[in-house]
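So the structure is just underneath, and the comments pick up after that.
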Amino acid sequence: WGSLGHRTVAYLASEYLTLNGSTYVANLLNDQDISEAALFADKVRHMPMFNYTAGWHYIDAQDDPPRQCGINIKRDCAMQDGCIVSAIVNQTARIMNESTSHADRGQALRFLLHFLGDIHQPLHTEAEERGGNEIPVLFGHKHTNLHSIWDTEMLVKHAGAEEDEKANALTWAKKLFAADQDHARSLTAECQDLGKAAKCPLLWANEANKWICKYVLKDDVAGVENKDLSAKYYDGAVPIVEEMISKAGRRLAAWVNALAVHALESR
Ligand code: ADE
Ligand code: ZN
Ligand code: ZN
């Protein structure tokens, strides 16, 4: 997602955090705004010092949509530095490790705040044309690409222009939180197995990837290439974006709450 999406996921997660969870976050972030902390991974991904993190934002599922979708972890996460699934596993282990310093746990949390968002963006779980980056599309009169409209354009059209981005993100997050009828129940229903196994991130990546066949590329690349996607395609995409941003915020909160419980118990 672009910055509006990441900020919304982070603000939504804050709404769901337990008291212990928000204390844990405030401590590790040294009171930095959580939506700002969620952008860290994008700020550093092109820096030479952090080049090993560039592949951590996605998993390139190589099935053949729209006929076939699905993640094969061995096949799709084979890069040297890993992928978004292994990054979530590793940063979770890093933050739970008692010998990790305060600063490094802060960095691990910043990565998690970001990657639990990205893993819910359907095109961050898809290899086709570099996750749609190489598929030219129109959005109104703007010449852009499929990846970019899913990261940014459609979210901005739905939740407000980028000038007061933090305010727009907070308003959207509060709306998504209010739409959830049973906060406690929806939290406990989320996968929060912090163990080494990639169970939860794999579940999430598969769920996001299903939308590639069901909607994003349902009429193949030809169905979207060079088309204006700001009308009918956008209308059909909004409920998917809302669902995935909601799930990301909820799952991030469940994950962080569980990390905070682990931190309490291991003191
Ligand atoms: N680069 C290669 N594949 C990508 C994807 N699915 N999302 C973002 N960047 C990518
Ligand atoms: Zn993206
Ligand atoms: Zn990212």
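Residue under question is Ala41, and the condition is that it be in a helix (DSSP H, G or I) and either among the small types (Gly, Ala, Ser) or open to solvent by less than 40 Å² (accessible area, probe 1.4 Å) (or both); does it hold? Give the derivation first.
On the way: in a helix (DSSP H, G or I): yes; either among the small types (Gly, Ala, Ser) or open to solvent by less than 40 Å² (accessible area, probe 1.4 Å) (or both): yes.
When the stated conditions are applied, Ala41 passes them.
List the number of the failed condition for Thr100; all other conditions in (1) farther than 23 Å from Ala173 by Cα; (2) in contact (Cβ under 8 Å) with a residue 60 or more places away in the chain; (3) surrounded by 14 or more Cβ atoms within 10 Å (Cβ to Cβ); (4) more than 16 Å from ligand 3 (Cβ to nearest atom) hold.
(2)
For the range 217-267, enumerate the residues that are of a type in the set (Gly, Ala, Ser), under 24 Å from Leu116 (Cβ atoms) and assigned to a helix (DSSP H, G or I).
Going residue by residue through the range 217-267, those that are of a type in the set (Gly, Ala, Ser) are 222-223, 230-231, 236-237, 246, 248-249, 253-254, 258, 260, 263, 266.
Still in the list and also under 24 Å from Leu116 (Cβ atoms): 237, 246, 248-249, 253-254, 258, 260, 263, 266.
Residues satisfying the conditions are Ala237, Ser246, Ala248, Gly249, Ala253, Ala254, Ala258, Ala260, Ala263.
May I ask you to verify whether Arg67 is part of a helix (DSSP H, G or I) and open to solvent by 40 Å² or more (accessible area, probe 1.4 Å)?
no
Of the conditions (1) open to solvent by less than 10 Å² (accessible area, probe 1.4 Å); (2) closer than 25 Å to Ala10 by Cβ; (3) within 16 Å of ligand 2 (Cβ to nearest atom), Leu112 fails just one. Which one is it?
(3)
Considering only the range 115-149, state which residues are of a type in the set (A, V, I, L, M), part of a loop (DSSP other than H, G, I, E, B), out of contact with any Pro (no Cβ under 7 Å at 6 or more places or on another chain) and more than 8 Å from ligand 1 (Cβ to nearest atom).
Ile135
Kindly indicate whether any position in the range 54-61 is away from ligand 2 (no atom under 16 Å from the Cβ), in contact with a Gly (Cβ under 9 Å, 6 or more places away or on another chain) and within 30 Å of Lys175 (Cα to Cα).
We begin by selecting, within the range 54-61, every residue away from ligand 2 (no atom under 16 Å from the Cβ); these are none.
Checked against the condition, which is being away from ligand 2 (no atom under 16 Å from the Cβ), in contact with a Gly (Cβ under 9 Å, 6 or more places away or on another chain) and within 30 Å of Lys175 (Cα to Cα), the range 54-61 yields no hits at all.
Limited to the range 121-145, what total is found for residues that are closer than 15 Å to Gly223 by Cα and more than 16 Å from ligand 3 (Cβ to nearest atom)?
Applying the first criterion (closer than 15 Å to Gly223 by Cα) to the range 121-145 yields 128-129, 132, 134-139, 145.
Next cut, more than 16 Å from ligand 3 (Cβ to nearest atom) only: 128-129, 134-139.
The qualifying residues number 8.
Sort out which residues of the range 93-107 are closer than 19 Å to Arg267 by Cα and not in a loop (DSSP other than H, G, I, E, B), and write them in order of number. Walk me through how you get there before you give the answer.
Looking only at the range 93-107, we keep the residues that are closer than 19 Å to Arg267 by Cα, and these are 93-106.
Answer for the range 93-107, where residues must be closer than 19 Å to Arg267 by Cα and not in a loop (DSSP other than H, G, I, E, B): Ala93, Arg94, Ile95, Met96, His102, Ala103, Asp104, Arg105, Gly106.
Would you confirm whether any residue within the range 7-14 is touching a His at 6+ places or on another chain (Cβ under 7 Å), in contact (Cβ under 8 Å) with a residue 60 or more places away in the chain, closer than 18 Å to Asp151 by Cα and part of a helix (DSSP H, G or I)? Working first, answer last.
The first filter runs over the range 7-14 and keeps only residues touching a His at 6+ places or on another chain (Cβ under 7 Å), leaving none.
The answer is no, given that none of the residues of the range 7-14 is touching a His at 6+ places or on another chain (Cβ under 7 Å), in contact (Cβ under 8 Å) with a residue 60 or more places away in the chain, closer than 18 Å to Asp151 by Cα and part of a helix (DSSP H, G or I).
Given the criterion part of a helix (DSSP H, G or I), under 17 Å from Ala254 (Cβ atoms), open to solvent by 40 Å² or more (accessible area, probe 1.4 Å) and not basic (Lys, Arg), identify the matching residue among Asn90, Asn51, Asn27, Asn20.
Numbers: Asn90 fails: under 17 Å from Ala254 (Cβ atoms); Asn51 fails: under 17 Å from Ala254 (Cβ atoms); Asn27 fails: under 17 Å from Ala254 (Cβ atoms).
Selected residue: Asn20, the only one of Asn90, Asn51, Asn27, Asn20 that is part of a helix (DSSP H, G or I), under 17 Å from Ala254 (Cβ atoms), open to solvent by 40 Å² or more (accessible area, probe 1.4 Å) and not basic (Lys, Arg).
The values are calculated or read from the model by the stated rules, or taken from the named source; none is laboratory data. None of the values given here were measured: they were computed from a predicted structure. All Cβ positions, glycine included, derive from the backbone under ideal geometry; neighbour counts span all protein chains shown. Just so you know, the surface numbers come from the protein's heavy atoms only, side chains and all, with ligands and any DNA or RNA stripped out. Shrake-Rupley method; radii C 1.70, N 1.55, O 1.52, S 1.80 Å.
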